[in-house]
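Undergrad: One structure, pasted below without further comment.
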Amino acid sequence: MSFVVAIDGPAAAGKGTISKAVAAHFGFAHLDTGLLYRAVGAKVIAGEAPIVAARALDPVDLENDDLRTSAVAQAASEVAVVPAVREALVAFQRAFAARANGAVLDGRDIGTVICPDADVKLFVTASPECRAERRLQELVGKGTETTYDTVLADVKERDARDQNRAAAPLVPADDAILLDTSDLTADQAIAAAIAHVAAVR
Ligand code: C5P
């Protein structure tokens, strides 16, 4: 039987770090579903129509190293408001979740829309200021020139778009466990997430 861990939350809350660690700990496959929207966003920047790009999306499109830029992140959150784009990406995500050895999917709507029957649902949050600070360190580490204020504005703009859209808005599932990582180190957040999964597994 497949075992599904759904990890949702806003940008830069720590979902990626936690998801990778949970997947590695339990030997589950991991899908960062933001990459699907980023791959569509990158194709739109390159001139394709959003719905056409989403329907033609190929798993190899997810391996593009340029998907991590803030321009692509903004384009991703713009295509993510289009219901037909979201619908085109559902089957791929559900097929991934059905993997027999277990799967961790992280995103915005995994516990609410993609896998409403997930075995464990975590909603990972942190204050916008804290998320902006972490994202700044990450960008600076990669040699990107930016400022705290730019990154904070970026985080808030994406939060607003993700929370206020009509199709699959960013909201915790009723049965999600909230994990606020504002005052936690990465190791503490990972340990808390692993403990929640272990309690059910
Ligand atoms: O998680 P990440 O920052 O890579 O996601 C990029 C954008 O893709 C998000 O801002 C959000 O608008 C969209 N997204 C989504 N649903 C998901 C994952 C990402 O709408 N499951």
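Undergrad: What residue, among those in the stretch 1-22 that are assigned to a loop (DSSP other than H, G, I, E, B) and surrounded by fewer than 19 Cβ atoms within 10 Å (Cβ to Cβ), is nearest to the chain's Cα centre (by Cα)? Walk me through how you get there before you give the answer.
TA: Quick first cut of the stretch 1-22, residues assigned to a loop (DSSP other than H, G, I, E, B) only: 1-3, 9-14.
Then drop every residue that is not surrounded by fewer than 19 Cβ atoms within 10 Å (Cβ to Cβ), which leaves 1-2.
Working: M1: 24, S2: 21 Å.
Restricting to residues being assigned to a loop (DSSP other than H, G, I, E, B) and surrounded by fewer than 19 Cβ atoms within 10 Å (Cβ to Cβ), the top hit is S2.
Quick grid of which residues meet (1) part of a loop (DSSP other than H, G, I, E, B); (2) near the ligand (Cβ under 8 Å from one of its atoms):
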{"site": "D61", "(1), (2)": "no, no"}
{"site": "D66", "(1), (2)": "no, no"}
{"site": "A75", "(1), (2)": "no, no"}
{"site": "V81", "(1), (2)": "yes, yes"}
{"site": "A88", "(1), (2)": "no, no"}
{"site": "A91", "(1), (2)": "no, no"}
{"site": "A95", "(1), (2)": "no, no"}
{"site": "N101", "(1), (2)": "yes, no"}
{"site": "V104", "(1), (2)": "no, no"}
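Undergrad: Same structure, new question: For the stretch 93-116, how many residues meet the condition of being hydrophobic (A, V, I, L, M, F, W, C) and loosely packed, with under 15 Cβ neighbours inside 10 Å? Let's see the steps before the verdict.
TA: Kept after step one, since they are hydrophobic (A, V, I, L, M, F, W, C), are these residues of the stretch 93-116: 95-98, 100, 103-105, 110, 113-115.
From what is left, the residues that are loosely packed, with under 15 Cβ neighbours inside 10 Å are 95, 98, 100.
Final tally of qualifying residues: 3.
Undergrad: Among the residues of the stretch 15-59, what is the count of those that are among the basic types (K, R) and either near the ligand (Cβ under 10 Å from one of its atoms) or on the phi > 0 side of the Ramachandran plot (or both)?
TA: First pass over the stretch 15-59, keeping only residues among the basic types (K, R): 15, 20, 38, 43, 55.
Still in the list and also either near the ligand (Cβ under 10 Å from one of its atoms) or on the phi > 0 side of the Ramachandran plot (or both): 15, 38.
Matching residues across the stretch 15-59 total 2.
Undergrad: State the number of residues belonging to the stretch 53-63 that are loosely packed, with under 14 Cβ neighbours inside 10 Å and of a type outside the set (D, E, K, R). Write out each step before concluding.
TA: Going through the stretch 53-63, the residues loosely packed, with under 14 Cβ neighbours inside 10 Å turn out to be 56, 58-60, 63.
Keeping just the survivors that are of a type outside the set (D, E, K, R) gives 56, 59-60.
Within the stretch 53-63, residues that are loosely packed, with under 14 Cβ neighbours inside 10 Å and of a type outside the set (D, E, K, R) number 3.
Undergrad: May I pose another question? Does the stretch 193-201 contain any residue that is within 16 Å of the ligand (Cβ to nearest atom), modelled with pLDDT under 95 and basic (K, R)? Reasoning before the result, please.
TA: Step one: list which residues in the stretch 193-201 are within 16 Å of the ligand (Cβ to nearest atom), which gives none.
Within the stretch 193-201, not a single residue is within 16 Å of the ligand (Cβ to nearest atom), modelled with pLDDT under 95 and basic (K, R).
Undergrad: Can F123 be described as at pLDDT 95 or above, aromatic (F, W, Y), in contact with a Leu (Cβ under 8 Å, 6 or more places away or on another chain) and surrounded by fewer than 20 Cβ atoms within 10 Å (Cβ to Cβ)?
TA: Spelling it out, it is not the case that F123 is at pLDDT 95 or above, aromatic (F, W, Y), in contact with a Leu (Cβ under 8 Å, 6 or more places away or on another chain) and surrounded by fewer than 20 Cβ atoms within 10 Å (Cβ to Cβ).
Undergrad: Which of the residues that make up the stretch 106-143 are over 16 Å from S19 (Cα atoms) and assigned to a loop (DSSP other than H, G, I, E, B)? Explain how you work it out, then say what you get.
TA: Quick first cut of the stretch 106-143, residues over 16 Å from S19 (Cα atoms) only: 112-114, 116-117, 127-143.
Correct list: P116, D117, S127, K142, G143.
Undergrad: Of these, D180, D162, which one is surrounded by 13 or more Cβ atoms within 10 Å (Cβ to Cβ) and modelled with pLDDT under 95?
TA: Working: D180 fails: modelled with pLDDT under 95.
Only one candidate qualifies: D162.
Undergrad: A follow-up question, please. Looking only at the stretch 28-59, which residues are outside any helix (DSSP H, G or I) and over 15 Å from F96 (Cβ atoms)? Lay out the reasoning, then the answer.
TA: Taking the stretch 28-59 first, the residues outside any helix (DSSP H, G or I) are 28-33, 46-49, 56-58.
Of everything in the stretch 28-59, those that are outside any helix (DSSP H, G or I) and over 15 Å from F96 (Cβ atoms) turn out to be A46, G47, E48, A49, A56.
Undergrad: Next question. So is T146 of a type in the set (S, T, Y) and either under 20 Å from A6 (Cβ atoms) or assigned to a helix (DSSP H, G or I) (or both) or not? Even if it seems obvious, please write down each step before you answer.
TA: Numbers: of a type in the set (S, T, Y): yes; either under 20 Å from A6 (Cβ atoms) or assigned to a helix (DSSP H, G or I) (or both): no.
Answer is no for this residue.
Undergrad: List every residue pair whose Cβ atoms sit under 7 Å apart, with the two residues 6 or more apart in sequence or on different chains, where the first one lies in the stretch 93-117 and is in contact (Cβ under 8 Å) with a residue 40 or more places away in the chain and among the basic types (K, R) and the second, anywhere, is away from the ligand (no atom under 14 Å from the Cβ) and assigned to a loop (DSSP other than H, G, I, E, B).
TA: R99/S2
The values are calculated or read from the model by the stated rules, or taken from the named source; none is laboratory data. What you are looking at is a predicted structure, and each value in this text was computed from that prediction instead of being measured. A quick note on method: Cβ atoms are made from the backbone with ideal geometry, for glycine too, and the neighbour counts reach across all protein chains shown.
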